[in-house]
Each structure stands twice: as structure tokens, then as C-alpha cells.
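Encoded as C-alpha cells, the structure appears first; notes follow it.
Values quoted throughout were computed directly from the atomic coordinates according to the rules given, and no laboratory measurement underlies them. Quick caveat, the model's predicted, so the values are computed rather than measured. All Cβ positions, glycine included, derive from the backbone under ideal geometry; neighbour counts span all protein chains shown.
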């Protein structure tokens, strides 16, 4: 049975809702009133320092970095903008704003701020690489390479520049040059984990078992991140080695019980092996962790239907449609079960 589909690595993450900030100099009021600044001892300490020295740009930038690490991006953006207003000479302040805007898909705003950073420091390697990422995003590969080469002229051993060059080649579908660039990245920085993951993905697409070595190396560097284990499972699953695939997904779950895609892909394998009740259990676990994923509900509904639990199947199909009104598979399932359209 091939009615279920596999979630592949890398996982596409959903775009976060980003709150724009129009008052970059309003941070003192925020510092006084927003309870978040009193919720963490380090934040409270630096906020007290800001209140005593409200014109100190470095303090706002430091707090912005702390907020960014806490994923409080709207507040971080305010602090970065305030820092750049208080001290217009520091390119890193402008670059930080540009980077945050880029992460939230504000391309025009990001370009403006990174160009400001470069204007203040033409040799700012990071700013050139950030604007190269922007050009990659809009698929202007020529300009992306130009910016990368500026960074490499400043430092011929810059692993981030070689990695980004690999990403450009990958986007251009030039696998050979992409692999070469990622290998160069590892030559200058042997522990550069993102390059290992990219090499794993490119070799996996070619069904080359060399992919497994890169995934293993990436996991050894950071065993808290289970994505390499999941990627190994996908490799085995695509190559129909289901025993090995299930083993990797189980390793993934043992390490991180809140990784829904491992449960999902286990469900796919079990479903195809006619272990429908076991598959249902995996989809049920995935739904508890990722309750907004319409595909999980559809697949769980399929299992329920095959188990003759029609009421539960209909309920799951309805949930899937409510989450994604354009999702045709659960609509087809409800038609198959002769559920009137008005009852969807």
C-alpha cells in the first residue's frame, strides 16, 4: 500500500509570524514596562544597565543578541535598531537588523540594512555573505558569487563563504560543484556541521551510502540534534531497507521524544507492511506532538478506516480539511465514505 507519503529531510519549517517594529527608539519604555525584561536574571541585569545608560548602543546590541537567542525576535529587532540609531558607525548593528529581517522574509528591508552595513565597513565579511544569501534567495547567482568572492578575498580560509558557494551551486542544480564546495568547506573547517548535512543529502539523492558517513559525523559533533538520525532513516527508507530505517527512527525517538516526523515515517513503513494498528499508534503520537499537521490526521484517518473505525476516520478527515481547505485526499476519502458535503 502506497497511499501514505514519506517526510523527507530537510524538514521544511513553517514561516513564523513576525511583528514589525516601527518605533526603534522606544526601548526604554519597553524596558520599564514589558515583564519579559524582568523574567530572566541576565536580561534584568542588562536592562537595569540600559536604564542607567540609555544612550549606550553597545548595551542595546548586547541585549538584542540575548533576545534573539531567546527567539524574541520583535524585541531583538527593536534593540538592534536602537543600537544603530545611537551609534551610526558600527556596521554590525545594521547587519544584525538585516539578518533578522531576512530570516522573516522581508527581503527589501534586509537588503537596505545590509547595504548600510557595507557602506560603513566595506570590508565587513559577514555583511557581504549576508547579502550573498539575499541574492541566492532571489536566484541572482552572479551577484551572489560576486559577494562571496569579496569575502574570500578578505579570508581565503573562510568556511562560511565556501559553504554558501555550495548552496548556490546546489540551487543551480550543479551537484558536482556543490559537492566540491562543501568538501572544501570541510577541508578548511573539519567540524563544519552544516556542510556534512548537505553532503549527506546530496549523496543520499544519488543513493550513495557515503551519505551515511556524513550523517554519522554530524551526529557525533552534536548528539542533541537528531536530524542526522532522521536523515539516515529516510535514506534507508528510500532504499527499501525498512529494518534499518525503523531502527534509525527509533533511535531518533529515544533521543528526542518530541520529534514528530520520526513517528510519522515509522507510521508510513508500518502502514505499508500492513501493520495498520501499529501505524495508527505512530500517527496518534505524531498528532499529539504536532497537532496542526493536516497530513498526520489524514494518515491516521486512513488507518482508522481500515480498522473499521469509521466514526474516528471521518473525524480525522474533517480535521484535515479544516486545517487545509485545499487538501483533496481527505475530501476524496469522505466522498468514498458517502459523507454529505454539508457535513464536512
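Summing -39500 (n - 2.57) over the DSSP H runs of n ≥ 4 in the chain and dividing by its residue number, what mean residue ellipticity at 222 nm do you reach, to the nearest 500 deg cm²/dmol?
Computed ellipticity for the chain at 222 nm equals -22000 deg cm²/dmol.
With 10 angstrom as the radius, rank 220, 100 by how many other C-beta atoms surround their C-beta, starting from the fewest.
220, 100
Run the quick spin-label model on residue 274 and residue 108: label points 7 Å from Cα toward the beta carbon, then report their separation in nm to one decimal.
Spacing of the two 7 Å Cα→Cβ label points: 5.9 nm.
Principal axes first, then extents: for the Cα atoms of the chain, list largest minus smallest coordinate on each axis, whole Å, largest first.
68, 50, 36
Enter the angle in degrees (range 0 to 90, nearest 10) between the Cα long axis of helix 310-323 and the first principal axis of the Cα atoms of the chain, meaning the one along which they spread out most.
For helix 310-323, the angle is close to 20 degrees.
Tell me, in nm to one decimal, what length is gained between residue 225 and residue 310 on full extension, where the rule is 0.36 nm per residue of separation less the Cα-Cα distance?
The residue 225-residue 310 span can extend by a further 26.8 nm.
For the chain, take the longest principal axis of its alpha carbons; what is the angle in degrees between that and the long axis of helix 227-238, to the nearest 10 within 0 to 90?
Roughly 40 degrees, rounded to the nearest 10.
Dividing the convex hull volume of the Cα atoms of segment 257-344 by its residue count, what figure in Å³ per residue is obtained?
Hull volume over Cα atoms, normalised by residue count, gives 82 Å³.
How far is helix 125-137 tilted, in degrees, relative to the longest principal axis of the Cα atoms in the chain, given as a value from 0 to 90 rounded to the nearest 10?
Tilt of helix 125-137: around 40 degrees.
Arrange the following residues from fewest to most other Cβ atoms within 10 Å of their Cβ: 255, 63.
Least crowded to most crowded, the residues run 255, 63.
Which ordering of 153, 336, 318 is given by a fewest-first count of other beta-carbon atoms within 10 Å?
336, 153, 318
Please work out the Cα center distance from segment 79-111 to segment 128-170, rounded to the nearest Å.
Value for the Cα centre distance between the two parts: 19 Å.
At R0 = 45 Å, how high is the FRET efficiency between residue 138 and residue 56 if r is their beta carbon distance? Nearest 0.05 is fine.
0.75
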